[in-house]
Every structure is written in C-alpha cells, then in structure tokens.
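**Student:** For reference, the structure I am asking about is given below.
The values are calculated or read from the model by the stated rules, or taken from the named source; none is laboratory data. These numbers were taken from a predicted model, which means no experiment stands behind them. Note: ideal-geometry Cβ built from the backbone for every residue, glycine included; neighbour counts use all protein chains shown. Each accessible area value is taken on the protein alone, full model and side chains, heavy atoms only, with ligands, DNA and RNA left out. Shrake-Rupley method; radii C 1.70, N 1.55, O 1.52, S 1.80 Å.
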Amino acid sequence: MHDIQNETDTRGIEIDDVGISGLRYPLYFEDGHLRQEGIAEIDVTVRLQHDRRGTHMSRMVALVHEHLRRFDPRRLPHVLKVGADLLDAPALAVSVAVPLSTTVVAPATGAESYQVHDVRFDGRWDNGDTTVVTSVTTEVTSLCPCSKAISDYGAHNQRSRVTLSVTGHGDTPYPFGVQQAVRLLERCASAPVVPLVKRPDERVLTMQAFDHPVFVEDIAREVSHVCRGRGLRHSVRVHNLESIHSHDAVAYTAG
C-alpha cells in the first residue's frame, strides 16, 4: 500500500514533537529494588524532518508493546535509540507515568500498609545525546514553625505534596531510585504520611511533627541540599495543602 506519511512535504517546516499521547498500557516495573505491575500512561513523540509529511504512529505503539512492557529505567536509553532507528527520527521522546507503592510501617504498632506515589520518567534521545528525568511525587506532613512559636499550645499542620525530579545522562540514566527519593522526601518533612494509623502511632507522628516544624522553604532547601551534596542535577517542588488558610503554599528550586 502507498505510504502517505512518507510523502515529501515542500513547506520546509520541521515539527519539534509529533506522536502519540495518553496511551494506557500494562507494564511490569523493575529497577533492581522495586518490582511492581501496573497500568502506565505513555507518550511517544519524534522530531519530524522538514521534508517528511508525517510519522508512523503505529510503530510507536509497537515500540511500547515490544520494549516497554517490562520497564527498567536503567534501560531507557537503549529503548530510545531503538525507537529513533525504528522511526528514522533525529530525536525521540518517551514519557512513562505510573503509580508505584512502597511499604509503610507504623512507628508504634508496626502495622504495615502501602503508600502510592506518582512517578514519571521523561526520556529523550536527540542526535546521540540521552537524558532521562525521573520525577517522584509523594505526600508528607509539614508543621508550621511560626504557628508553633506563637501558640501557647499546638500548631497547625497539613499534608504536603513534594516532587523531586532528578536528571540522568548517558551511562547513568537513573542515578537516584524511586525508593531513595521517597525516603529522602520523608526525612526532609516534619513527619511521614502513614495510611494505617492506630492511636499509639498517631501519638508518635503528632509529636514527631511538633518536634520538626518546617516551612515549604525548609523542605525545598533541605531536599536540594542533599541532592547537591550527591552531585545530582535536580528540581524540587513543594505544595502545602494549607489547613487554616484559604490559599496553599508553594516553593520551587533547582540545582
């Protein structure tokens, strides 16, 4: 059959990104520490040459089916290069968004539960250069230092959504794992979020938060400080779902 996508276009305009978006597909995630099955949402795009009328989007679905159903972020550079060759493209990008869970142990009773984190991998191959950005979003507890300082007793606290994005390159596409990111974000907050909490656990978590008050600025700076110490290219975004204000509080930094 005639390949219409492969026809010549004479307008001389390169397209930066064209492809498929929002493809939901089952995958098995494995990074050497965390192993889980789930449903991912996947985007695949290419840079389209100025003289090509279109790209072959069915090949993008085939790439997902053949190379991403068992997803290891450490292998993403290889998958990107395979995709670029398959689609004869000078640049190719793949984004994989998938919820992943880690085990949480209640601090007093030892009861186990699972907390789910939003994880996204953004990989790009561009004329031989590869970058992979791993973004992990989790919920933690933050307690306001100002509220603690000015109150006779108590202090307002809230859940915070914190996103850490770490950029890997070349031979080190995945320098900081999902579990490492989750633990770091928990340590930089007032207290972790624990799904299954009994009264003895609630007592421990409440007092832990009271003993470790942090602003959004504190969380962003502390996470960035640790990443800088490890030589990681990164960004941190903190979103406090404020409990006594009609607005939320946010902070962002990169290094």
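**Student:** Between H245 and Y28, what's the calculated FRET efficiency when r is the beta-carbon distance and R0 is 35 Å? Round to 0.05.
**Tutor:** Efficiency, rounded to the nearest 0.05: 0.25.
**Student:** I would also like to ask the following. Enumerate the residues in the stretch 137-154 having an amide nitrogen under 18 Å from the point lying 7 Å beyond the Cα of R230 toward its Cβ.
**Tutor:** 137-140
**Student:** Could you do me a favour and compute the accessible area per residue for the chain, 1.4 Å probe, result in Å²?
**Tutor:** Dividing the accessible area of the chain by its residue count gives 53 Å².
**Student:** To the nearest Å, what is the center-to-center distance of the stretch 35-84 and the stretch 194-255, using C-alpha atoms only?
**Tutor:** Centre-to-centre (Cα) distance: 34 Å.
**Student:** Then there is this: Convex hull volume of the Cα atoms in the stretch 108-157, per residue, in Å³?
**Tutor:** 149 Å³
**Student:** Give me a comma-separated list of calculated 3J(HN,Hα) values for the stretch 10-27, in order, Karplus coefficients 6.51, -1.76, 1.60 applied at θ = phi - 60°, integers in Hz, x for any Gly or Pro.
**Tutor:** Taking θ as phi minus 60°, the curve returns 9, 7, x, 10, 6, 9, 5, 9, 8, x, 10, 9, x, 6, 8, 8, x, 8 Hz for the stretch 10-27.
**Student:** Ignoring ligands, DNA and RNA, how do F71, F210 rank by accessible area with a 1.4 Å probe, largest first?
**Tutor:** F210, F71
**Student:** Also: As an exercise, use a Förster radius of 22 Å and the Cβ-Cβ distance of H169 and R35 to find the FRET efficiency, rounded to the nearest 0.05.
**Tutor:** Using R0 = 22 Å, I get an efficiency of 0.30.
**Student:** Filter the DSSP H helices in the chain by two things, a Kyte-Doolittle mean of at least 1.0 and an axial alpha-carbon span of 27 angstrom or more, and list the hits by number. Could the numbers behind the result be given before it?
**Tutor:** On the way: long enough: none.
The answer is none, since no helix passes both cut-offs.
**Student:** When you count, for each residue, the other Cβ atoms within 10 Å and take the mean per peptide, how do 143-155, 50-62 rank with the highest first?
**Tutor:** 50-62, 143-155
**Student:** Something else: At 0.36 nm per residue, minus the direct Cα-Cα distance, what do R203 and A149 gain on full extension? Give it in nm, one decimal, please. Intermediate values should be presented prior to the final figure.
**Tutor:** Values: separation 54, 0.36 × 54 = 19.44 nm, distance 2.05 nm.
Once the chain is fully extended between R203 and A149, it gains 17.4 nm.
**Student:** So, one more: May I ask for the percentage of alpha-carbon pairs in the stretch 29-181 that lie more than 26 Å from each other?
**Tutor:** Across the stretch 29-181, Cα pairs with separations above 26 Å total 40 percent.
**Student:** Counting only helical runs of four or more DSSP H residues, what would the 222 nm mean residue ellipticity of the chain come to if each run contributes -39,500 (n - 2.57) and the total is spread over all its residues? The partial results should precede the final answer.
**Tutor:** Working: 6 runs with 66 residues, N = 255.
Roughly -8000 deg cm²/dmol at 222 nm, from the helical runs in the chain.
**Student:** Roughly how big is the chain's charge dipole about its Cα centre, with Cβ charges of +1 (Lys, Arg) and -1 (Asp, Glu), in debye to the nearest 20?
**Tutor:** 540 debye
**Student:** Computing the accessible area with a 1.4 Å probe over protein heavy atoms, can you report the carbon and sulfur percentage for the stretch 4-254?
**Tutor:** 48 percent
**Student:** I'd like to compare 166-172, 245-251, 130-136: which one has the highest average count of other Cβ atoms within 10 Å, and what's the full order after that?
**Tutor:** Answer by packing, highest mean first, reads 130-136, 166-172, 245-251.
**Student:** Across the stretch 90-102, in residue order, what do the Karplus-derived ³J(HN,Hα) couplings come to in whole Hz, using 6.51 cos²θ - 1.76 cosθ + 1.60 with θ = phi - 60° and x for Gly and Pro?
**Tutor:** Couplings: x, 8, 9, 10, 10, 10, 10, 10, 8, x, 10, 10, 10 Hz.
**Student:** Further, regarding this structure: How far apart, in nm, are the 7 Å Cα→Cβ label points at V105 and L196?
**Tutor:** That separation, rounded to one decimal, is 1.3 nm.
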